[in-house]
């Protein structure tokens with residue numbers, strides 16, 4: 001019998017647990033980024049200049065938001 005498979009499954013479970021922990025911590029950030037991509041990409045498809053304006057406005061809004069609400073994530 002080879003015990004190497006059992007060790008691999010334990011390491012895989014620890015890796016999965018770490019990934020799920022990080023996902024739970026940063027899930028709102030992930031959804032915000034995906035939402036912004038769903039706004040920005042179609043805007044670039046319609047018109048590049050409008051896409052640049054939308055991207056600039058989003059960066060300005062994010063900058064103002066993070067200046068008022070700094071990230072305080074615990075690991």
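Readers should treat all values here as calculations from the given coordinates under stated rules, not as data from a laboratory. Nothing here was measured: the structure is a model prediction, and the numbers come from that model. Note that we place each Cβ from the backbone using ideal geometry, even for glycine, and neighbour counts take in every protein chain shown.
A Förster distance of 35 Å, applied to the separation of the beta-carbon atoms of residue 45 and residue 16, puts the FRET efficiency at 0.45.
GNM on the chain, C-alpha springs below 10 Å: top fluctuator among 44, 65, 53? Between 44, 65, 53, it is 65 that shows the largest mean-square fluctuation.
The Cα atoms of the chain define a convex hull whose projected area, averaged across directions, is 7.7 nm².
Relative to the longest principal axis of the Cα atoms of the chain, the long axis of helix 48-68 lies at roughly 70 degrees.
Spin-label model, residue 34 to residue 65: label points 7 Å out along the Cα-to-beta-carbon direction sit 1.6 nm apart. Rounded to the nearest 10 degrees, the angle from helix 4-46 to the longest Cα principal axis of the chain is 10 degrees.
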